[in-house]
Every structure is written in structure tokens, then in C-alpha cells.
Amino acid sequence: GPKVLQIPSHQIIDMGQMVTLNCDPVSNHLYFYWYKQILGQQMEFLVNFYNGKVMEKSKLFKDQFSVERPDGSYFTLKIQPTALEDSAVYFCASSSGAYAEQFFGPGTRLTVL
Amino acid sequence: QQKVQQSPESLIVPEGGMASLNCTSSDRNVDYFWWYRQHSGKSPKMLMSIFSNGEKEEGRFTVHLNKASLHTSLHIRDSQPSDSALYLCAAADTNAYKVIFGKGTHLHVLP
């Protein structure tokens, strides 16, 4: 089936540093999402990106967070600066439509020390 | 306040049994529901979506939706140990730009 790739699978950084998480969505998909999950528990919505714009974001999407997908390349989540509470698994997802199935990547485990 | 509430938090059923999972939204603007399954250490995969009142069946899985009460349920018959996973209910309003997940139900199917 369709696959979403995420790079890297693990990232360890010091608090205050910048980190960029990369997502390679399904090729013909138009909607892109980032989610945060801590300890295999609740999947928390961060942001929805469509047509080059943030369509919706949650309170968890702090000012230190930003997303972009320049020229159809990777869909990225940048955190600058990072904080201890940013440690989590970040999942990227993509879908062909707003109501369509979201396909999730394998996640990037971010550890902020 | 949790906008998508799932119950029970944890469920144990014997192999071959029926598992019933519940999900309710407290947001009256919700129009769309999905059920995802996440095995430990893996990413979620959609099981079923339901957007209209009534019932939908795919193999051993059946979902119900009551839009008036914003309640959906997932039923798994002839449960298998491989069904052991975290089951996530997701909901969105008409725009569907923001998809809210519940905390999930941990299903354990005992061989």
C-alpha cells in the first residue's frame, strides 16, 4: 500500500537546539499532517498543511514550531528552539482528501536532553 | 476537556470473542469519524471510516454511528491475538482540517 517515509527514525538533541523532522508523503496526496504521541498514548494533532498553507493548528503547535513543503520536496516540521517537553514520537501523515484515510509514517522519536 | 472520549480504556477478551469499543464526541460540530488501529511500536492504520448514521461492516469489523448522540462503536467478532493493539477513534468537523484523536482503547486478546 501507499507509504509515508520519515527521516530520521531517531533524533537526540540538546535543549535549545533546532531540529528538523522530514516527511516524504504519498506522492499524489494533497493534505499533510503532523501529530505528537507520548509513550504510545494519545495521538495529539499538531497541524494540517494544504496547498502550501497551514489550514489548522492546535495549541500544541507553539510559536517555536513551523512547517513547510518547498517545491514538492519533503514536508518538514522544524522546532526552534527545542524544549524538554518536546520529547515524543512525531508522526507525519498524508491523505488524498480532507475526509480520506490518512496514511501515517513510522514516526520520528525525538529526545530532547 | 477531552473532545473525543473512548471507553473502556482497556479491554480483555478471549480469542474468538467479541470486542466492543466506544467513542463519543463532545463537539457538536463533528461530522466524520474514523477508527484506527496501532500495534505497539508501530504507526496507526485506518480500519474503517463512517460518516452516515447506521452500520458498516468489513469482514470481522463492524462500526455503528449515531450522529444525534455523536457516538460511534467498533465491534470485532471472532477476535484474534493479532487484534491486540491500541484502537484510536478520530473525529473531525465539516472542514476536516483538524482531526482529533481519543486516548484510545487498549485491546488484549488472550489465546
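The values are calculated or read from the model by the stated rules, or taken from the named source; none is laboratory data. Model, not experiment: these values are computed from the prediction. Here the Cβ is made from the backbone with ideal geometry for all residues, glycine too, and neighbour counts use every protein chain on show.
Among the residues in region B:39-53, are any more than 10 Å from the chain's Cα centre (by Cα), surrounded by fewer than 19 Cβ atoms within 10 Å (Cβ to Cβ) and away from chain A (no Cβ under 14 Å)?
Scanning region B:39-53, I find at least one residue that is more than 10 Å from the chain's Cα centre (by Cα), surrounded by fewer than 19 Cβ atoms within 10 Å (Cβ to Cβ) and away from chain A (no Cβ under 14 Å), so the answer is yes.
Could you please let me know if A:Gly97 is within 14 Å of chain B (Cβ to nearest Cβ) and either in contact (Cβ under 8 Å) with a residue 40 or more places away in the chain or under 28 Å from B:Ser49 (Cβ atoms) (or both)?
yes
Being surrounded by 17 or more Cβ atoms within 10 Å (Cβ to Cβ), of a type in the set (Val, Ile, Thr), more than 23 Å from B:Asn95 (Cα to Cα) and within 14 Å of chain B (Cβ to nearest Cβ) is the requirement here; does A:Val67 meet it?
Spelling it out, it is not the case that A:Val67 is surrounded by 17 or more Cβ atoms within 10 Å (Cβ to Cβ), of a type in the set (Val, Ile, Thr), more than 23 Å from B:Asn95 (Cα to Cα) and within 14 Å of chain B (Cβ to nearest Cβ).
So which pairs qualify, if the first residue must be in region B:6-19 and within 18 Å of B:Pro81 (Cα to Cα), the second must be part of a loop (DSSP other than H, G, I, E, B), the Cβ gap must be under 6 Å, and the two must be at least 6 apart or on different chains?
B:Val13/B:Ser79; B:Glu15/B:Pro111; B:Gly16/B:Asp78; B:Gly17/B:Ser79; B:Met18/B:Arg77; B:Ala19/B:Ser79
Taking B:Glu57 as meeting all but one of (1) more than 22 Å from B:Lys3 (Cα to Cα); (2) in contact with a Ser or Thr (Cβ under 9 Å, 6 or more places away or on another chain); (3) of a type outside the set (S, T, N, Q); (4) more than 14 Å from every other protein chain (Cβ to nearest Cβ), write down the number of the exception.
If we test B:Glu57 against (1) more than 22 Å from B:Lys3 (Cα to Cα); (2) in contact with a Ser or Thr (Cβ under 9 Å, 6 or more places away or on another chain); (3) of a type outside the set (S, T, N, Q); (4) more than 14 Å from every other protein chain (Cβ to nearest Cβ), just (2) comes out false.
If you scan region B:70-97, which residues turn out to be at pLDDT below 95, surrounded by fewer than 19 Cβ atoms within 10 Å (Cβ to Cβ) and within 15 Å of B:Val4 (Cα to Cα)?
B:Asp93
So which strands (runs of 3 or more DSSP E) are wholly in region B:1-67 and hold at least 1 residues that are of a type in the set (Asp, Glu)?
B:30-38, B:54-58
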